[in-house]
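Following: one structure in structure tokens, then a few remarks.
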Amino acid sequence: MLLSESAPELHINQQQLRAYKKQLNADFIWGVSASAYQTEGAYNTDGKGPSIWDTFTNEQKNKIKDRKNANIACDFYSRYEDDLLLMKSLGINNFRFSISWPRVMPAGTGEVNAAGLGFYDRLIDRCLHYGITPWVTLYHWDLPQALENKGGWTNRQVVGWFTDYVTVCVKHFSDRVKHWMVMNEPMVFVGAGYFLGLHAPGKRGMKNFLPAIHHAVLSMCEGARAIKAIDPDAEVGTTFSCSHIEPYRNLEKDHVAAFKVDALLNRMFIEPVLGMGYPVETLKPLQNITQYILQGDEYKMKYDFDFIGIQNYTREFVKHSWFTPYLNARLISAPKRKVPHTLMNWEVYPESIYQMIKKFDAYPGIKKILITENGAAFEDKHHDTLITDHMRTTYLQEHIEQVLRAKQEGAKVEGYFVWTWTDNFEWAEGYHPRFGLIYTDFNTQKRIIKESGLWYGDFINQ
Ligand code: GCO
């Protein structure tokens, strides 16, 4: 049974939360996160080129729940002004969103679409007008289809294409944007898109996975260098998904399995960036990645980021499994374990975020951590103009408490962004799991503030 149906009260120590909050410096960053493909719509408007997600959702419909796409999504493309006004009304002053590469460069490389840049000009200018700081992600999974036709992330040329695109954006926006994230969750777009075939572009297997990993790492670091070359004062980060991993049983083989899954989900991208190389010792099948590593890459795949964005939602339990190729490990889902979980079937386990902050904080070389995503999909209850979502509020409170607990203990965590602002398109899950602080009626595009939104605005301003 889903948590939203059984609804046992989660426990939150309000006093503790407030005590932690009181001790924060005023410069701790509170914000909300979103992404272009999940919200903008306008998928073929004003000269935008198709992305791999446009193709995937419109041509491989059975891959997406209810055969949905994000052709319209939240229509953020025309409604950004109202959405920013609403954000302002809740006192939220930091907004993380992404730029759509094919909106800016319809073919991925070469020609720049002035109307695409124009949209982000308007968005950024309105953010600044309302006193909202833009935190801009340069790649949140919507690769131009024209580049996928040439192999996408499996083609080494992508490093140059990406760096050119980054250069166009930063040259154009760096007078107003001072906080950049090069990529969103490379492990997810590479793993789900180029190994499991569950996300765009729907490719599978090691022959796609390994080159895509390496080219994503190179692009992330070369992209960051390109930003700094244009604007040395910019704050440059990148973001990683991560989950606290535990063995299912106290057996040697489950411990080994958990160790491998931890390397895959949590270490794969941060370690090369920090100069530690890929975790091949733990993940033997990764050894073949060396064929894609060319001379000089050792330098190119490292970068000293100003901050690392970590995105955490849950923890995972891992069991040894003979039948799972490469890993010999599988995840035991939250419903199977009969523990409280969200509509994504992700366990509600706030301490995971604390554990992840500690884990990343322990790497020498990470200067600063921001929680660039955390949030939950639950069923919302409607009462005319009010939407109650007690479960989401509690989830946020409990996770923020764990973030501030880590900070109290000295971890270098300096900010927190809720995923997400308005309900939006949740990739292969379509529109059903709603993560928003703001409810979106997808028929009318009406927005309604949820109780969690009111709570969050109140909390960060108190
Ligand atoms: C991701 C992305 C977001 C998701 C969110 C909820 O982590 O997959 O950054 O686009 O919507 O994480 O699943």
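Scanning residues 5 or more positions from ILE245 or on other chains, those with amide H under 5 Å from its amide H are GLU316, with H placed 1.01 Å from N in the peptide plane.
In the chain, the portion of solvent-accessible area held by carbon and sulfur atoms comes to 51 percent [1.4 Å probe, whole percent, DNA, RNA and ligands not counted].
Compute the Cα gyration tensor for segment 305-460, then decide on rounded, prolate or oblate, letting a ≥ b ≥ c be the square roots of its eigenvalues: rounded whenever a/c is under 1.5, prolate when a/b is larger than b/c in the other cases, and oblate in all that remain. Write out the running numbers ahead of the final one.
Details: a/c = 2.00, a/b = 1.23, b/c = 1.63.
Oblate.
Close amide H pairs (under 5 Å, H built 1.01 Å from N) link PHE240 with GLU185, GLY309, ILE310, GLN311, residues at least 5 positions away or on another chain.
Hydrophobic, long helices, defined as DSSP H runs whose alpha-carbon span along the helix axis is 30 Å or greater and whose mean Kyte-Doolittle value is at least 0.0, occur in the chain at 206-230. With the charge dipole of segment 333-462 set up from +1 on Lys and Arg Cβ and -1 on Asp and Glu Cβ about the Cα centre, the Cα lying farthest toward the positive end among the listed residues MET391, PHE417, PHE442 is that of PHE417. In segment 14-460, the DSSP beta bridges split such that about 25 percent are antiparallel, to the nearest 5.
Please give the residues of segment 438-456, grouped as numeric ranges, whose backbone N is less than 17 Å from a label point set 7 Å along the Cα-to-Cβ vector of THR45. The answer is 441-447. In terms of its alpha-carbon gyration tensor, segment 14-460 comes out rounded; the largest-to-smallest axis ratio a/c stays below the 1.5 threshold. Given a 1.4 Å probe and the protein chains as shown, CYS169 ends up with an accessible area of around 0 Å². Rolling a 1.4 Å sphere over the protein heavy atoms, what is the accessible area per residue of the chain, to the nearest Å²? Computed with neighbouring chains in place, this is 39 Å² per residue.
Counting only protein chain heavy atoms and rolling a 1.4 Å probe, the accessible areas of ARG392, ARG447, ARG249 rank, largest first, as ARG249, ARG447, ARG392. Taking 0.36 nm per residue of separation and subtracting the current Cα-Cα distance, fully stretching the chain between ASN288 and VAL256 would add 9.4 nm.
Residues of segment 253-293 with an amide N closer than 19 Å to a point placed 7 Å from the Cα of GLU351 along the Cα-to-Cβ direction: 255, 258-259, 262.
Accessible area per residue (1.4 Å probe, heavy atoms of protein chains only) ranks ARG315, ARG126 as ARG126, ARG315, with the largest value leading. For segment 425-437, the Karplus equation 6.51 cos²θ - 1.76 cosθ + 1.60, evaluated at θ = phi - 60°, returns couplings of 7, 9, 6, 5, 8, x, 9, 6, x, 9, 9, x, 7 Hz by residue, with Gly and Pro reported as x. A probe of 1.4 angstrom, applied to the heavy atoms of all protein chains, finds LYS359 with accessible area near 60 square angstrom. Residues ASP306, ASP82, ASP233, ASP54 ordered from highest to lowest accessible area at a 1.4 Å probe: ASP233, ASP82, ASP306, ASP54.
What accessible surface, in Å², does a 1.4 Å probe find on TYR130, ignoring ligands, DNA and RNA and rounding to the nearest 10? Roughly 40 Å² of TYR130 is accessible to a 1.4 Å probe.
Given the peptides 178-188, 410-420, arrange them by the average over their residues of other C-beta atoms within 10 Å, most packed first. Display every interim value, and only then the final one.
Working: 178-188: 22.9, 410-420: 20.7.
In descending order of packing, they fall as 178-188, 410-420.
With the cut-off at 1.5 for a/c, could you classify segment 108-159 from its C-alpha gyration tensor as rounded, prolate or oblate? Verdict is prolate for segment 108-159.
What length, rounded to one decimal in nm, is gained on full extension from ARG156 through to LEU85, with 0.36 nm per residue of separation minus their alpha-carbon distance?
Numbers: separation 71, 0.36 × 71 = 25.56 nm, distance 4.19 nm.
Contour length minus Cα-Cα distance gives 21.4 nm.
Averaging sequence separations of C-alpha pairs under 8 Å and six or more residues apart, then dividing by the length of the chain, give the relative contact order as a whole percent. Spell out each step's value before the answer.
Values: 952 pairs, mean separation 82.2, N = 462.
Relative CO of the chain lands at 18 percent.
Rounded to the nearest whole Hz, the Karplus-based 3J(HN,Hα) values (6.51 cos²θ - 1.76 cosθ + 1.60, θ = phi - 60°) of segment 148-157 follow the sequence 4, 4, 9, x, x, 5, 7, 8, 4, 4, with x at glycine and proline.
The values are calculated or read from the model by the stated rules, or taken from the named source; none is laboratory data. Just so it is clear, the model here is predicted, and its values are computed rather than measured. FYI the Cβ positions are ideal-geometry reconstructions off the backbone, even for glycines, and counts take in every protein chain you see. With ligands, DNA and RNA removed, areas are computed over all heavy atoms of the protein, side chains included. Shrake-Rupley method; radii C 1.70, N 1.55, O 1.52, S 1.80 Å.
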